[in-house]
Each structure stands twice: as structure tokens, then as C-alpha cells.
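Novice: Please find one structure pasted underneath; my questions will follow.
The values are calculated or read from the model by the stated rules, or taken from the named source; none is laboratory data. Just so you know, these numbers come straight off a predicted model, no measurement behind them. Cβ sites come from the backbone with ideal geometry, for glycine too, and all protein chains shown count toward neighbours. Ligands, DNA and RNA are excluded from the accessible area calculation, which covers all protein heavy atoms including side chains. Shrake-Rupley method; radii C 1.70, N 1.55, O 1.52, S 1.80 Å.
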Amino acid sequence: MAHPAKKPAETPLPAPFAGWFAARGWTVRPHQQALLERAREGRSCLLIAPTGAGKTLAGFLPSLVELAPLSGDARRPHRLHTIYVSPLKALAVDVLRNLETPAADMGLALRIETRTGDTPPAKRQRQRASPPDILLTTPEQLCLLVASEHARAFFEDVRTIIVDEAHALAPTKRGDLLALAIARVAGWAPAMRRVGLSATVADPSALARWLGAQDVVMAPPGAAPVIDVLDTDARIPWSGHSGRHAIADVYAAIRRSRTALVFVNTRAQAELTFQELWRVNEDNLPIALHHGSLDVEQRRRVEGAMTRGALRAVVCTSTLDLGIDWGDVDLVIQLGAPKGSSRLVQRIGRANHRLDEASRALLVPNNRFEVLECRAAQEAIADNALDGEAGRTGGLDCLAQHIMGAACGEPFDADVLYAEVAATAPYADLTRAQFDRVLDLVATGGYSLRVYERYRRIVQDARTGRWRARSPRDAQQHRMNVGAIVESTMLNVRWLSDRKVVSQRKAGEGGALRGGRSLGKIEEYFIETLKPGDTFLFAGQILRFVGLQETDALVVRATGEETPSIPSYNGGKFPLSTYLADRVRRLIADPAAWRTLPAQVREWLAVQQARSVVPARDHLLVETFPRAARHYLVCYPFEGRLAHQTLGMLLTRRLERLRKKPLGFVASEYAMSVWSLEPMGDVDFAALFDEDMLGDDLDAWLAESALMKRTFRTCAVIAGMIERKSPGAEKTGRQVTFSADLIYDVLRAHEPDHVLLQAALADASTGLLDIGRLGDLLRRVKGRITHRDLPRISPFAVPVMLEVGREPVYGEAQDAILADAEADLAADAMMQ
């Protein structure tokens, strides 16, 4: 039950703690006191508190109080007392730094350590043998520990597990695995309390259910943030995502601040933005780059410099948007639309990390539609309106991984494990029959694959009926592949150790390539597009590709004036939230609200109204018009790229049956366009957009789509059917794809209801296809479709038309191509 953190009858703090608070002029805040009381009662709880409210200290305070009497007793065996789980490695490191200070100030001789993917193997081994008092870790490392041979002994003394930024984990597959791992630990440590920490939650009760918490404690809100949307004198592009038009304004904002975080939505944008800021950095300000593909040492150097206050700005992705306390940051710049109000609140909270000071943020739209989205987000936050994803149904591929992990520890009883799994929120509706099918998948591969020895990964003891890993090698292979983050195969980017090799190879002497210091990791598919001598942006530098040496891409620093490529990383793009999309539609439909928009955007909307129509909030505008011997259909659902891509796929099938000869389609976050050889203005649009397209049309398209194979590949990797890493080897992306496609074809032909095919369909429906959201769209616009058959392109159509046939060109070349295309299209669209 959620309730405000009213100050309970206080139990006095132990003297060292009371003295520590008093020395700083602090008092224990009501929500911190509430967590102390819940701990004394043995109750689990979720704390919702704004940035700067002492949320992290509130989570750890009960543990520190409990550990204080044991501090300094050299004779006691070290037992793990508290586990802290963070979604980010950088956040775990930051929390360690902030936790060590009060512990040292109070004279608490405690072992507090981190354990992430960056922790050296020797330290991890020592931690298993002699656990620290408090362990700061990630979901993947917790799952790895659960799968260890002596997991029960390691976890049985745990009293508290703290999940930070719980809202970021719960609606994901990482959240599925974490919920299962916590349930497993709770079986070994029944007295363990669960504590969730979060600053931005749309539905606290749903998050509490995911955590398994009995109470929700709500801290009072902090100071309202100050959010501005950039109103630039520069021309705002109709399309594109580079933000280059606003770089001078962004740099000016950095100059006016103490320290700024410049958030972008993708790693490719981070590399480009960093280069652009250095291009205009006439004051030689210290500006750094931070994203997940960079080498860990470089990321740690940036984080250390931020802590020391040695940087004026950091260009970053989501690697820094959760909970990290940078005391000197006084401005957050969001370059590009935020895609959701909750995500924006989270990022804004990195500025002025104090409860009583307003955080300052500057939103910088990349194009004209993004101006509308940024305004909508600004208004949503002013109204204290958050968006958030609903609770998800746990993935069957994650369940398969968990079953294998359980078997790698002590042997398990299927009845006990099923009860444990079904008690978690993601798997509350899991039937015993479904569980048994997933168990059979791990044990045999399922009906169609049971003849293959390699898929028999667990075996059942004939005497006890318990399940265990078939062999130590199977257990080792599982541990090497734990986790739900399935990225493209990555290659190490390393400096070439001897540059003489380049000249030797040019002379035909065939010098041997050797790699030196690592710069980070990059997707294999991107390197495959390069030939020796090509340049690209990475780690904030222009590099020249020399060649491949096993899993290393060897590079040297480039010289000259070439325009480099930019790695177009998979992942990192956020979908436009349903809530924010509705706000954008409402803003567009209200001409009175346009007066706050930049003049060039107001003109754009006004000409759209005159030339076609601006749709009402719950209506779908469909425009048809000819251009350059082709015919176009453009609609504006404002439901996000994924839903629009699925809509485009299904509409083209229907238009084929209508003999309109569609040639292709393109989707953006806001619109979707189909082009064809025949006019489409005479189509029955009510029938064309009928929601029955989600029946046979969808099934037929999925049957022949490569998308299902890609989705299946991810599920197969998570479930452990295809291993990315084996002892002494690592598969390339091509090898993983080949293996997955073979299995997919066998299952489609012989076992179409296989567990992994079900998992892939569920993922495609909710993720890559966004079928649920598309269904909501079709129901929303039923009977509300507005069609305009136009003689030429409309202003609204220009942005999505600029996407048609565009190749992934980057840098100034991209801007030049877009500018040329814009000039042509805009001239037609704005002509009175």
C-alpha cells in the first residue's frame, strides 16, 4: 500500500550515526526513518523519492546500522549481509564511492566492494570464497553467482537486497532474470528483505509487485525542474537527427554552465556530437565522451574527472542517466527529443543533485516534429505527468536461462522451482505445463531437437528426481553466456602496436599485425563494411582502419581531411512513449498552443492547415498526392517508428491486392509513407486501415519475414540454445546467425509451436512490431480517418519523404544531401 513518508515514532539512531548526521547539520528525513522502521519490522518496501532526497542513503542506512556492532571484529567470518543491484556498472562504482565516505567517517570497518563485468577474475574468485559485507553488483553478475556451485552457502546469510533504479529494470528481460534470481536467493535466505529505490515511477504499486515489496514509501517531491526548449535563430531542419544546426547554441550553453551533461539517444550521435563540439571549442574547454562501447579505463577516467570537477561537459548516452551523483553538474542538455517524460525527468535529475534546488535542463530538437515533442515533454513534466511501461509477462527464453542456471548450482526439484518461479510477478500466470515445456527445452532441446546430444544440457537423477547440469563443461558454458543483453558481435578496437607494418604491407612485404592498447568495442557488422585505409569516428577520434587480427580491429590515428564514417550501432534508440505521442497530437490539434512555438514551426503548421488539414487529436490524417511519376500515401499516426513500420508492412500487402503496385514504404516516429505506380486516392481507407489486418495479413507476413529469424536468434541465445562464447572460443556474428537460422527452419517445419518460436513471436509482437500499440491505433481511428487527395506534397509530408531511399550517409555529406532534398520538397510544400 502506497503512502507518504510521514514521520514515524523515531527509534534513536546509534551514537556514531546520530553524530555523523549532526556534524553535517542534517536530520534523518522521514522517508529514511521509515525505511529504518520497515527494516526493524522485517518488511520489504519500495521507496519513491526525488533526486537529491538521500534515496541511496535511505536504502543502505538500515544495513549500516545492523552491521555497525559487528564492525572491526576480526574473528567473525565474513558473511554477505547486503546486495545492491544497479542497472549500470558506472552507477555501482559511483555508489561505492558515496558509501565509503559515511562508513569511514563513522569508523565502520566494513568490506564494501563492487562486482561487475569489469571486475578482474581473481577478485571475483576471492569474493566467492570470502564475501564482503556489502556487495554492489549488476543483474548479470547476480545471475552468475546464483549459478555457482556453492550459491546456497554464499547467499544464506543475506539480510537485504537493494535494487536501485528499479523502474529501469522491471519492464525488461533483465528484469525477468533479476526477479527470478531474487526469488532464488530468497529461497536460501528466507529472512531477506527487499528494498527498491526509484525516482520516477508512473505506477508504484505495479513496481512493488515486481519487487515483491509489501509497502511503498513516498518521499515528498523536490523542487520543480526548470526546463527550456531551445529557440534558435538557426534554421530548424525539416528532418534528420544530427543536431548540427544547434551546435553553436549547445556550446554557448556549456560555456554559461559549471558542468553540463549533454545527453543523446544513440552512441553514433554521441560520437558525432562530441566531434562537432570540439570543432567549435574555441575556448579549449575540457569536454569528454562517455558511452557503453568505450574501453572501461576510458570510461573510468571520465567518471573520475567528473567527480573531481575537472570537466565542463560530457557527451553521453544512457550510460550516465541513472542515479549517478555528479555534484558540480548544473545543466543537462538533451540533444534530440527525449521520447518519454519519465526518461527526461531521470536525466534532468543529474543536474543540481540536491532536493531543494531546481534542476536545469535545455531540450534541443533536431527537427521540426521534434520541436513539438520537446514542447509536449516540457508541458508533461510541468503537469507532473509521467509515462511508464506496464508490467510485462516474463519471457520463456529468460526462464530457460534461469532453469539452466539453477541446475548449475545445487540440484533442484522441479516442483520447488516451479513454485518459486510462479511466485514472481513476471511469471505469476505461468502454468505448470508451460514450465514443464521450458524444462524439457533445457533438458532435450524439445521434440524436434532431442536427437542432438548438444541440446541435452541438464539431467535428472534417477534416485532423487532432482535436476543438475549434465557436465562441468555445460555449467561453464552457461556461466560464460549469462544475461539478456544480446548485442551484435563486438570486436575490440586496438591501436596498431607497430605502424611500420602499414608501410611494409604497402610495399608487399606482408608485415604481421599486432594489437596494442584497447579503445573499446565496436559492432562486427560495421567493421565488415570497411576496407583497410577507411576512416571512422570512435572514442572521440578519427581512426584509420588497418586490418583485422582475430577479434581485434587494428587502427591508427588518421591524418588528413577525409570525412569519416560513423559507427551506426544497434540498439540505443528509444521508442516514442504512448503518453508523449498523445500529447504531441493534442498540441498539433490546438492552434492556440502554437503561439509558444518558434516562428518557422508556426509557419509550417499554418501552411499545412491551409494546404491540407491539421488532424484532430483522435483522427488519422491520410494524404495522397503524385510526385515524379509516382504516387504517395502518407499518414500521421504519431505512434512511434516500430508501430509505423509494422503498419507499412501490412498496408503494402493490402495495396498489392488492390493492384496499386506499391513499390515500398518508409516510417518515422511520426508518420508513414507508401509509394506506388498507381494512384491511391480512390482507396476505401476505412477498409484499408481496418484492424483485421492484424489477423491473416500479419500471420502471412511473419511467415516470410526475416525479422522473425532475427528475433528468434536473440531468444535462442538468451535461452542458451546457441552459445556466443565457449571455453577458448567465441562465435562470430555470421556463425551465430547460421546456427540460429538452421534451428529456426527445422522448428518451423517440424514443431511450429516450439517454446522458442512462441518466445520469438511474443518478443516481435511487443517489441520489434509493437502490435499492441498498432492495434490500439487502429481502434482509436476507426470511423475517424480524414483523407485529403492533394495535387502536390504537403508540409507535414516533407520530413517522412526525406527518408525515402536515403542511404546511411553521415557527417556534413548527410546534411548537404538533406538540405538539397529539403529545398526541392519544401518549395513544393510551402508554395501557396
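Novice: Putting +1 on Lys and Arg Cβ atoms and -1 on Asp and Glu Cβ atoms, find which of A186, L211, I227 reaches farthest to the positive end of the dipole of region 183-246.
Specialist: A186
Novice: While we're on this one: Any chance you could list the semi-axes, whole Å, largest first, of the equivalent ellipsoid that the Cα gyration tensor gives for region 132-288, using √(5λ)?
Specialist: 43, 19, 15
Novice: Can I ask one more? Using alpha carbons only, how many angstrom separate the centre of region 740-799 from the centre of region 143-171?
Specialist: For region 740-799 versus region 143-171, the Cα centre distance is 36 Å.
Novice: Please give the FRET efficiency for D534 paired with D233, using the beta carbon to beta carbon distance and R0 = 35 Å, rounded to the nearest 0.05.
Specialist: 0.40
Novice: Only loop residues by DSSP count here, and only those with at most 11 other Cβ atoms within 10 Å; note down the trypsin sites (Lys or Arg not before Pro) in region 431-482 that meet that.
Specialist: R463
Novice: What is the distance in Å between the Cα centres of region 235-275 and region 356-407?
Specialist: The two parts, judged by their Cα centres, are 21 Å apart.
Novice: Test of understanding: express the Cα radius of gyration of region 91-179 as a ratio to 2.2 N^0.38 Å, with N the residue count.
Specialist: That ratio works out to 1.13.
Novice: At 0.36 nm per residue, minus the direct Cα-Cα distance, what do E656 and R128 gain on full extension? Give it in nm, one decimal, please.
Specialist: 183.9 nm
Novice: Same structure again: Given labels modelled 7 Å from the Cα in the Cβ direction, how far is it in nm from A22 to R627?
Specialist: Going by the 7 Å Cα→Cβ label model, 7.3 nm.
Novice: Ok, one more. Just add up the charged neighbours of C45: K/R +1, D/E -1, any other residue whose Cβ is under 9 Å from the Cβ of C45.
Specialist: +3
Novice: With a/c under 1.5 counting as rounded, go ahead and sort region 265-308 into rounded, prolate or oblate using the C-alpha gyration tensor (a ≥ b ≥ c being the square roots of the eigenvalues; past the cut-off, prolate if a/b is larger than b/c, else oblate).
Specialist: oblate
Novice: By the scheme Lys and Arg +1, Asp and Glu -1, what is the net charge of all other residues having a beta-carbon under 12 Å from that of A539?
Specialist: With Lys, Arg at +1 and Asp, Glu at -1, the neighbours total +4.
Novice: Whole number please: convex hull volume per residue, Cα atoms of region 609-693, in Å³.
Specialist: It comes to 99 Å³ per residue, whole-number rounded.
Novice: If the viscosity is 1.306 mPa s and the temperature 10 °C, what translational diffusion coefficient in µm²/s does Stokes-Einstein give for region 674-791 when Rh comes from Kirkwood over Cα pairs?
Specialist: It diffuses with D of about 93 µm²/s by this estimate.
Novice: Return the calculated 222 nm mean residue ellipticity for the chain, to the nearest 500 deg cm²/dmol, obtained by summing -39500 (n - 2.57) across DSSP H runs with n ≥ 4 and dividing by the residue count.
Specialist: Only helices count here, giving -12500 deg cm²/dmol.
Novice: Then there's this: Determine the sum of side-chain charges near V601: Lys and Arg each +1, Asp and Glu each -1, restricted to other residues whose C-beta is under 12 angstrom from that of V601.
Specialist: Spelling it out: positives minus negatives among the neighbours equals +1.
Novice: Also, I was wondering about something else. Could you tell me which trypsin sites (Lys or Arg not before Pro) in region 192-253 are loop residues by DSSP with no more than 13 other beta carbons within 10 angstrom of their beta carbon?
Specialist: Of the trypsin sites (Lys or Arg not before Pro), the ones in loops of region 192-253 whose Cβ has at most 13 other Cβ atoms within 10 Å are R235.
Novice: Find the Cα radius of gyration of the chain, compare it with 2.2 N^0.38 Å by division, and give the number to two decimals.
Specialist: 0.98
Novice: Express the carbon and sulfur contribution to the solvent-accessible surface of the chain as a percent, rounded to the nearest whole number, probe 1.4 angstrom.
Specialist: Carbon with sulfur: 51 percent of the solvent-accessible area.
Novice: FRET efficiency for D618 and F738, Cβ-Cβ distance as r, R0 = 45 Å, nearest 0.05?
Specialist: Calculated value: 0.45.
Novice: Okay, next question. Which value does Rg/Rh take for region 376-481 over its C-alpha atoms, Rh per Kirkwood?
Specialist: Here Rg/Rh amounts to 1.19.
Novice: OK, next. Taking 25 °C and 0.890 mPa s as the conditions, I'd like the Stokes-Einstein D for region 109-150 in µm²/s, using the Kirkwood hydrodynamic radius from alpha carbon pairs.
Specialist: 231
Novice: Return one whole number: the accessible area per residue of the chain in Å², for a 1.4 Å probe.
Specialist: With the other protein chains kept in place, the chain gives 41 Å² per residue.
Novice: Write down the percent of antiparallel bridges among all DSSP beta bridges whose residues are both part of the chain, to the nearest 5.
Specialist: Taking every DSSP beta bridge with both residues in the chain, the antiparallel ones total about 40 percent.
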